[in-house]
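Contents: one structure, followed by commentary.
Rule-based calculations on the coordinates, nothing more; no lab input. Just so you know, these numbers come straight off a predicted model, no measurement behind them. For neighbour counting, all protein chains shown are included, and Cβ atoms are generated from backbone atoms with ideal geometry for every residue, glycine included.
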Amino acid sequence: METEVAIVGAGPVGLTAAALLGSLGVNTVLVERNASTSIHPRGHVVNARTMEIFRSIGCEEPIAKAGLPPERNAGVSFLSRLTGPDIAVLATRGIPDRDRAHQAASPSRKASCPQDVLEPILADVARSFATVKVQFSTELKELASRPDGVRLECRQGAGDLMIDARYVIAADGARSFVRERLGIGMTGRGRIGRQIGIYFEADLWEFVEKRPYLLWWIYNATTCGVLIALDGRRRWTYNFAFDPDQESVESFTTERCEAIVRAAIGSDDVALEIHSILPWRMQARLADQFSKGRVFIAGDAAHPLPPTGGQGMNTGIGDVHNLAWKLAFVLRGNAPASLLESYNEERRPVAQTNIEQSVHNAMKMAETGLSGMATHDSPIAKMLEGPDSAAAERHIREVIPSLRDHFDYIGQTFGHAYSSRWISPDGTSAPPFRIEQYEPVACPGHRAPHLWLRGLDDRLSSTVDLAGAGYFLMLTTPGGEDWRRAFAKASAELHVPGRSCSIGAGGDYIDQDGLFAQSYGIGPRGMVLIRPDGYVAARSFHAVPDPGKFFERALRTALAGADIRSDEEPSAA
């Protein structure tokens, strides 16, 4: 079998990569050693930026509907057992100023959609593209570089399957066969702790009806862990730590796990059914490089990180969103192969930041006594069950506000910026990166801010919806006709797919609040050039004497990493 791109691993990252490449018309083969998508609801947090990516391939709505209802995803509770009262609650919705900030930042909303529900949706989307083939029960056994690509040797049933691909994306998990085969090293902490995840079904409505929370951190003398609501009523997972030096994975039988879950709930009368028990390792590691030759690693293969903050799947999906359009441009001859070098330069710092923050979250929980680690290591659990319970409850209520950046992180979702050689700086400085706060800016390297627009057909859309589909987007004001003509000419001469829009009175779109120029940091005749992944490639505050020359340099930089600085180039300030 011959293909342009082969993907190894059909988790959320690999399936998203297949769907994105399919949407760009790239011939893609995805291989997965398991017979089906995941049956255990491992990851579940889908941040708003990831929902924007799903929006671009047409599955935002089904994923939002399939996950935890938004009205049941309002906060995080800390308590001794589910049948008991909340000791403290950290609200993540219903706080007016923060709700307004989230609504202003994106057309999409953060969701919780468990992996066993999410993956089939993504698989259906990937299969909907004629250029994509998804092959389950197909295990990669070997890969070898060839002059014009990579050969993958796979075992499929009783036979072998050979795949010759121009490029390979390895999304094959933390124990990545591909990464190890390539000899790519990892740095960081390979073992922070061991955990058991129990997926079970029980109708707990009588305990949660008036408490619409996503997470329930449990602390009692029998068990400490976190209960996760998957549908808000019947489907749940319970995760807790164990010490492999004292207990074996095999000792966590179905009977023992049922007793642990009942201790977390606080009732022996509830009917429950355990569907699966999954041991897993908490780690925080970063690959030394994200590519080698024609092979790229993404997701946990490149950066397994603690679940504290829910960044793992989202970081991986951000990886392949950054990579997919670049592969398409190179394969179609719109960009030199050197564009693919930007993947490592742009995504590795993002992964490193997310790893550091996830570790910070885990350490903060431990330092405050709220880590939910093994029961024998939890002083809070012991205090809550004894004469010092009032002091323990007071401590929990005092420290909970300091944990907001663990559970509510709009800045971490939207504030990452690329400062690679493929971005044209304009002399401005963006606000500092902050986990909890996000200030939308259109500085080069940043995600283009969301604004609601009304088109000539009176339909409402977001600036986020204008970007993508394999083209560069140029936004200007109705007074920027010189920019539009120059962009059309430059993109045609350089064979770069491009689209231009004017925003404002008399333009292609009317910005609802009249804030386009202000939000994007340009003057009445300025412009912003946006990459296919929605990140700003270049910007000019005002008109320039030779807009054609500006675009030639800006596009060459965006595709080849050239230096476009010159005395003729305007400052955005």
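Filter the cross-link list 292/326; 110/364; 133/292; 210/364 down to pairs whose alpha-carbon distance in this structure exceeds 21 Å.
Numbers: 292/326 16 Å; 110/364 23 Å; 133/292 24 Å; 210/364 29 Å.
Beyond 21 Å: 110/364; 133/292; 210/364.
Provide 278, 122 in ascending order of the number of other Cβ atoms located within 10 Å of each residue's Cβ, fewest first.
Values: 278 17, 122 28.
Starting with the residue having the fewest Cβ neighbours, the order is 278, 122.
Based on the Cβ-Cβ distance from residue 389 to residue 368, what FRET efficiency comes out when R0 is 25 Å, to the nearest 0.05? Can you show the working numbers first?
Values: r = 17 Å, r/R0 = 0.68.
Efficiency computed from Cβ-Cβ geometry: 0.90.
In nm, to one decimal, how far is the modelled label at residue 513 from the one at residue 456, with both set 7 Å along Cα→Cβ?
Output for this residue pair reads 2.7 nm.
What residues qualify as long-range amide H neighbours of residue 169, i.e. H under 5 Å apart, gap of 5 or more or another chain, H built at 1.01 Å from N?
Hits under the 5 Å cutoff: 6, 7, 8, 296.
Rounded, prolate or oblate: which one fits the stretch 462-511, using the alpha carbon gyration tensor with axes a ≥ b ≥ c (rounded when a/c is under 1.5, else prolate when a/b beats b/c, else oblate)?
Details: a/c = 3.94, a/b = 1.30, b/c = 3.03.
Judged from the Cα gyration tensor, the stretch 462-511 comes out oblate (a/c at least 1.5, b/c at or above a/b).
Just add up the charged neighbours of residue 137: K/R +1, D/E -1, any other residue whose Cβ is under 12 Å from the Cβ of residue 137.
Working: positive: 33, 155; negative: 32, 139.
Counting the neighbours of residue 137, the net charge comes to 0.
What is the distance in Å between the Cα centres of the stretch 250-329 and the stretch 87-104?
Measuring centre to centre over Cα atoms gives 26 Å.
By count of other Cβ within 10 Å, fewest leading, how are 452, 422 ordered?
By the 10 Å Cβ count, ascending: 452, 422.
Could you give P(r) for the stretch 428-475, binned at 5 Å from zero, as whole percent values over all Cα-Cα pairs?
4, 17, 22, 22, 16, 12, 5, 2
For the stretch 417-560, report the convex hull volume of the alpha-carbon atoms normalised per residue, in Å³, without decimals.
Values: hull volume 15.7 nm³, N = 144.
Taking only Cα atoms, the stretch 417-560 has a hull volume of 109 Å³ per residue.
What FRET efficiency do you get for residue 338 and residue 275 if R0 is 41 Å and r is their Cβ-Cβ distance, rounded to the nearest 0.05?
Numbers: r = 48 Å, r/R0 = 1.17.
Plugging the Cβ-Cβ distance into 1/(1 + (r/R0)^6) gives 0.30.
Which values of log₁₀ I(q)/I(0), to two decimal places, follow from the Debye formula for the stretch 287-422 at q = 0.22 Å⁻¹ with a uniform point scatterer at every Cα?
-1.26
Would you work out the Kirkwood radius for the chain? I mean one over the mean of 1/r across all pairs of different Cα atoms, in Å. Please report the intermediate quantities before stating the final value.
Working: mean 1/r = 0.0400 Å⁻¹.
After inverting the mean inverse Cα-Cα distance, the result is 25.0 Å.
Which distance in nm do the two modelled labels at residue 104 and residue 428 give, with both placed 7 Å along the Cα-to-Cβ direction?
1.6
Give, in whole angstrom and from largest to smallest, the semi-axes √(5λ) of the equivalent ellipsoid of the stretch 19-86, with λ running over the eigenvalues of the Cα gyration tensor. It would help to have the intermediate numbers written out before the result.
Details: eigenvalues 220, 62, 16 Å².
For the stretch 19-86, the ellipsoid semi-axes come out as 33, 18, 9 Å.
I'm a student and want to see the number: the projected area of the Cα convex hull of the stretch 128-198, averaged over all directions, in nm². If you can, show how the numbers build up before the last one.
Numbers: hull surface 32.1 nm².
If you wrap the Cα atoms of the stretch 128-198 in a convex hull and average its projections, you get 8.0 nm².
Sort 86, 245 so that the residue with the fewest other Cβ atoms within 10 Å of its own Cβ comes first and the one with the most comes last. Numbers along the way, then the final one.
Details: 86 16, 245 7.
In order of increasing Cβ crowding within 10 Å: 245, 86.
If you take every residue apart from residue 214 with its C-beta less than 14 Å away from the C-beta of residue 214, what net charge results, scoring Lys and Arg +1 and Asp and Glu -1?
Values: positive: 72, 93, 109, 110, 211, 233, 235; negative: 71, 86, 231, 408.
Result for the local shell: +3.
Using 0.36 nm times the number of residues separating residue 130 and residue 546, minus their current alpha carbon distance, what extension gain do you get?
Working: separation 416, 0.36 × 416 = 149.76 nm, distance 4.24 nm.
Net length gain for the segment: 145.5 nm.
Mind listing which GluC sites (Glu not before Pro) in the stretch 329-404 are in a DSSP loop and have 16 or fewer other Cβ atoms within 10 Å? Don't jump to the answer; show the numbers that get you there.
Working: sites: 341, 345, 346, 356, 367, 385, 393, 398; in loops: 385.
Sites meeting the loop and neighbour criteria: 385.
Work through the residues other than residue 201 whose Cβ is under 9 Å from its Cβ and net out their charges, Lys, Arg +1 and Asp, Glu -1.
On the way: positive: 234, 235; negative: 203, 273.
Within the 9 Å Cβ shell, the charges total 0.
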